[in-house]
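Working notes, structure below.
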Amino acid sequence: MANILKTSFSVENKFEAFYTGGKIEVCKDGVYMFCGCGNQVKVLEIETGKIFTTIGQDEEISRFCLSPDSQYIVLATQMLLFRLWDWKEQVLIRSWKAIHIAPVSFLTFDPTSTLLASGSADSTIKVWDITREYCTHNLRGHQGVISIVKFHPDMSQPKLFSGGEDYRVRIWDLETSSCLATVEAHYSIITSMEFTNDGKTLYSAGRDGIVGIWDVGGLNVTTTIPVFENVESLILMEGGDNSVLNVTGDSVHFLTAGNKGVLRVWNTDTASCVHTQVKSEKTDKESKEMERGLTQALFIPALDAVVVTTYDHNIYVWRKSDFGLIKLFSAYNDEVLDIQFLGEKESHVAVATNSSEIRVFELSTWNCQLLHGHTNIVLSLHVHSKGKLMVSSSKDNSICLWRMHSETGLVSCVATGLGHTHAVGSVTMSRLSSAFIISGGQDCTLKLWNVPDTVKADDAVTTIHCQMTEKAHDKDINSVVVSPNDKFIATASQDRMAKLWGVDDLSLKGVMRGHKRGIWCTQFSPVDQCLVTSSGDGTIKIWALSDCSCVKTFEGHDCSVMKVIFLSKGMQLMSAGSDGLLKLWTIKSNECVKTLDEHQDKVWALVANHQEDRVITGGADSALVMWKDVTKLEIDEKKEKEENLILQEQELSNLMIQKKYLKAIGLAITLEQPFKVLGIVKEIMSTDGGEADLEATIALLRVDQIDAVLKFSVKWNMNSKHCHEAQYILSTILKAFPAEELLKFPNIKTTVEGLLPYTDRHFERMNRLLQQSKFVDYIWQCMRMATAGSGKELTMGDDVHMIDDMTDIREVIVKRSTKRRENKLFTTRSSDKDAAKSTNPEVTSTTVKINNRAQQENRKQKRKNKRIKILAKERATTGNSSQTIESKNKSKKLKKREENNNVQKARKCKKYNNNLDSKSSNKISRRKKINKFPKR
């Protein structure tokens, strides 16, 4: 495999954004999670982290709701439509108008999954009967947007509780469609309502920082508990003891999630917080950002877990027993800036996004770990060859060193370095050992950092110091890389130059100039003494390290080339452009082998694993795409197809030899070889009774096979050599099947469209042939009538004499046509000359010359006529029958008549010319006389 150049990559896995905000839902068995993502709802498999299905159409979704039995999902769109989906089958069951005049803000089902309540921004609540498909209630009374709607869990008490922007809770009687009570229990928007198991108590929470406990029977608030945060979700914890969370079975506890970013457990009897989730260590800036906190908390009984969403689109799955983290999903990565494989077996991937946190994904489950250490956007990552150490650089002017624990798979920060005055755009580590770090950034300096051995073994965070600094470029440094032998450093900058430096003292070894725009990336070859650069001018260049000269240039990208790497042990390149395209290049042939298109925006990150059989890319479209090398697989598949094709063709020839035409046609259709089928049809029709055999064979074919034969007949019909077989097949099928069955054929429309034009053409050609054949019959009958006057019927034995007569007639016709042309030419010339004479007295001599030429032509024609007569006499002497003699006499008479006519025409022309000459001479003499008299 090492010697095989790569030719193709396919998408093995793709991790893209699946949650962009709003509420989430989890099915009752805890297997699937429903997340809103733009104009779609993504169904995520919690165990594997993969997208199971996608629901929705090209319209923005304002709200969705999953039925309690987890069978249906209802989408409310911005176009004020409700769409009911069977999400497992991906079938849209029905759509209906919402009747609201503003977007729907809340949806909920009753416990039986038959009633649906919708709250809207138009301050109304509507209740829908899903099974009978009509609106049962239209409830008015709130002011502002409806924030929450909740059915009573006991359907024997048909009540509905709602809250809105007027900060009031209204209780509705669904039997009478009337409002039973209006309670001012909160001072801000109500965000959550939960009933106890017996349905007698209701807990409500809002953004006013209090939780209200209701007596459902009395429709009033009995207790108010201040929680001192904006509560987004409330979860009841009834029954059971939990010493970790300080929960006892004597009293009711509830859990709150809000802007403080942690889960807290409260005791209703004491109205106090009994447990607070422990925060991870963060900087002061991050702690302030976390004040925006949690947006939703949802209890999943099947998993005994709490699912929590955060403001930055992360989804946590916590154990309810101790709030331990089960899984973390990074649902929206924003813009991916850099990627690196991590771990000894490259089981994880580290991703730098448009955030201060580094995301580490486990490739098997896409479980995420967030690394906190930087205070601004992380720009670059690099992992040491052994896979345990990773270095990162950020816009906070610092670098961080991270170590991964082999046993737990957790990554922690072990060292930080400060020294740059501006954002650090690129960072890398030594290749042979983790002895030093090289960094470069917007301050145009190159820095070398030594990594002490204590840092690699101790978990405590230490500070590393810069050992050497060099002013490297005049503009931002975009890329820094160390050679495989740790002796050289290459830098690439926006000043359109790449430079080569020595590691020992950061001395300049060479400068590479040639790009027309800034250079985004540079890489050393793993085997040769060269490096590659990619630039904003759309080109990729390979430079020799010996003299820093450009040895190869690759052109093919239409825009900036953001990243480039070596593959196939330095024999190939893979590049990523700002148009989202990946290109695979072969260095020896200097050509692009493959272009891959999967990203929707520019690709910032591109990295390959050590075996070079996997490549992962990330870009501005928030997608991580895992590519797999399928070159060997495609070669094997091609060989297997060729072998199967040879075997099937041999089987086809054997069937034709054995005259098993039905199986042969079926096999040829399977192989999609239309002209093989044509050969079989011709062979059947060539036998005695072949047409009947062909009809019987076609009758035994399946419908799909007949459809394929019709499709093949379109190709046959394009050629006049094969059109007869195509038309016969078409005729046979049209006779065998009625029109209703023919319309059921899958390709009948395209087949008819392909047959019609060529069939019309063949029909016109046959019509022309038929007319020509009738014309031959007509000539034959005319010739029989011509010979009838001689008293002898013309028979087929007289063909030779007939041909002689026809040649004589042809000669006469040719002679007449030539005479007509000559006379026409003569008359036109004479008329031109006469006109000239009338204007010019010197034309008389030219007319004499023209007359002489005409006489010469007449003499030549007489000689030709004599030759023709001699030939006719010879033919007459060779002929034996009286029939030929009579025909030749007739031809002689015709010739004499023609000669006499020509003589008479010539005489008339001479007289006409003489008259013209006399008239012109008279005119000239008159003019001379007039000119003698002087003017008055």
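What's the total number of residues in the range 115-153 that are assigned to a loop (DSSP other than H, G, I, E, B), open to solvent by 50 Å² or more (accessible area, probe 1.4 Å), modelled with pLDDT of 90 or more and over 21 Å from LYS23 (Cβ atoms)?
So the count comes out to 1.
With respect to SER251, is the statement that it is of a type in the set (Ser, Thr, Tyr), in a strand (DSSP E or B) and either surrounded by 15 or more Cβ atoms within 10 Å (Cβ to Cβ) or without any contact (Cβ under 8 Å) to a residue 60 or more places away in the chain (or both) true?
no
Name the pairs: first residue in the range 655-669 and more than 17 Å from ILE706 (Cα to Cα) and touching a residue at least 12 places away in the same chain (Cβ under 8 Å), second residue hydrophobic (A, V, I, L, M, F, W, C) and crowded, with 20+ Cβ neighbours inside 10 Å, Cβ to Cβ under 6 Å, at least 6 apart or on different chains?
So the pair list comes out as LEU655/ALA664; MET656/ALA664.
Among the numbered criteria (1) out of contact with any helix residue (DSSP H, G or I) (no Cβ under 7 Å at 6 or more places or on another chain); (2) open to solvent by 30 Å² or more (accessible area, probe 1.4 Å); (3) in contact (Cβ under 8 Å) with a residue 40 or more places away in the chain, which one does GLN40 miss?
(3)
Within the range 501-527, which residues are closer than 19 Å to LYS588 by Cα, of a type in the set (S, T, N, Q) and part of a strand (DSSP E or B)? Before the answer, list the steps.
Filtering the range 501-527 for residues closer than 19 Å to LYS588 by Cα gives 523-527.
Still in the running and of a type in the set (S, T, N, Q): 523, 525.
Within the range 501-527, just GLN523 meets the criteria.
Counting only residues that are of a type outside the set (S, T, N, Q) and part of a strand (DSSP E or B), which one in the range 528-542 is surrounded by the fewest Cβ atoms within 10 Å (Cβ to Cβ)?
CYS530
Run down ASN197, ASN246 and say which single residue is closer than 28 Å to SER321 by Cα and within 55 Å of the chain's Cα centre (by Cα).
Sole residue among the options that is closer than 28 Å to SER321 by Cα and within 55 Å of the chain's Cα centre (by Cα): ASN197.
Considering only the range 719-757, state which residues are open to solvent by 60 Å² or more (accessible area, probe 1.4 Å), more than 18 Å from VAL677 (Cα to Cα) and part of a helix (DSSP H, G or I).
Residues satisfying the conditions are LEU734, LYS735, ALA736, ALA739, GLU740, GLU741, LYS749, THR750, VAL752, GLU753, LEU756, PRO757.
Would you please list the contacts, defined by Cβ atoms under 6 Å and residues six or more apart or on different chains, that run from a residue in the range 721-747 that is closer than 13 Å to LEU710 by Cβ to a residue that is of a type in the set (Lys, Arg) and surrounded by 13 or more Cβ atoms within 10 Å (Cβ to Cβ)?
ASN747/LYS711
Without any contact (Cβ under 8 Å) to a residue 12 or more places away in the chain, assigned to a loop (DSSP other than H, G, I, E, B) and farther than 18 Å from SER355 by Cβ: does that describe THR408?
yes
Could you grab me the full set of residues in the range 411-445 that are outside any loop (DSSP other than H, G, I, E, B) and out of contact with any strand residue (DSSP E or B) (no Cβ under 6 Å at 6 or more places or on another chain)?
Quick first cut of the range 411-445, residues outside any loop (DSSP other than H, G, I, E, B) only: 411-418, 426-429, 436-440, 445.
Answer for the range 411-445, where residues must be outside any loop (DSSP other than H, G, I, E, B) and out of contact with any strand residue (DSSP E or B) (no Cβ under 6 Å at 6 or more places or on another chain): just SER412.
May I ask you to verify whether VAL480 is β-branched (Val, Ile, Thr) and crowded, with 23+ Cβ neighbours inside 10 Å?
So VAL480 fits the description; yes.
Quick one: count up the residues across the range 69-82 that are surrounded by fewer than 21 Cβ atoms within 10 Å (Cβ to Cβ) and of a type outside the set (Asp, Glu).
Qualifying residue count, the range 69-82: 7.
For PHE341, are the conditions met, namely being under 30 Å from the mean Cα position of the chain (by Cα) and either closer than 16 Å to HIS405 by Cα or among the β-branched types (Val, Ile, Thr) (or both)?
For PHE341, the condition - under 30 Å from the mean Cα position of the chain (by Cα) and either closer than 16 Å to HIS405 by Cα or among the β-branched types (Val, Ile, Thr) (or both) - is met.
For HIS515, state whether it is open to solvent by 50 Å² or more (accessible area, probe 1.4 Å) and in contact (Cβ under 8 Å) with a residue 12 or more places away in the chain.
It is false that HIS515 is open to solvent by 50 Å² or more (accessible area, probe 1.4 Å) and in contact (Cβ under 8 Å) with a residue 12 or more places away in the chain.
Looking at (1) of a type outside the set (Phe, Trp, Tyr); (2) closer than 30 Å to VAL306 by Cα; (3) buried (at least 19 other Cβ atoms within 10 Å of the Cβ); (4) in contact with a Gly (Cβ under 8 Å, 6 or more places away or on another chain), find the lone condition where CYS400 falls short.
(2)
Based on what the data block shows, is SER204 under 22 Å from ALA76 (Cβ atoms), at pLDDT 90 or above and touching a strand residue (DSSP E or B) at 6+ places or on another chain (Cβ under 7 Å)?
no
For the range 192-210, does any single residue satisfy the condition of being surrounded by 16 or more Cβ atoms within 10 Å (Cβ to Cβ) and touching a His at 6+ places or on another chain (Cβ under 6 Å)?
There is at least one residue in the range 192-210 that is surrounded by 16 or more Cβ atoms within 10 Å (Cβ to Cβ) and touching a His at 6+ places or on another chain (Cβ under 6 Å).
Does at least one position in the range 625-633 carry a residue that is more than 30 Å from ASN333 (Cβ to Cβ) and either more than 25 Å from the chain's Cα centre (by Cα) or modelled with pLDDT of 90 or more (or both)?
There is at least one residue in the range 625-633 that is more than 30 Å from ASN333 (Cβ to Cβ) and either more than 25 Å from the chain's Cα centre (by Cα) or modelled with pLDDT of 90 or more (or both).
In the range 360-377, how many are within 21 Å of GLY417 (Cα to Cα) and open to solvent by 10 Å² or more (accessible area, probe 1.4 Å)?
The qualifying residues number 6.
The values are calculated or read from the model by the stated rules, or taken from the named source; none is laboratory data. None of these values were measured; they are calculated from a predicted model. A quick note on method: Cβ atoms are made from the backbone with ideal geometry, for glycine too, and the neighbour counts reach across all protein chains shown. To get the accessible areas, we keep the full protein, side chains included, count just its heavy atoms, and leave off ligands, DNA and RNA. Shrake-Rupley method; radii C 1.70, N 1.55, O 1.52, S 1.80 Å.
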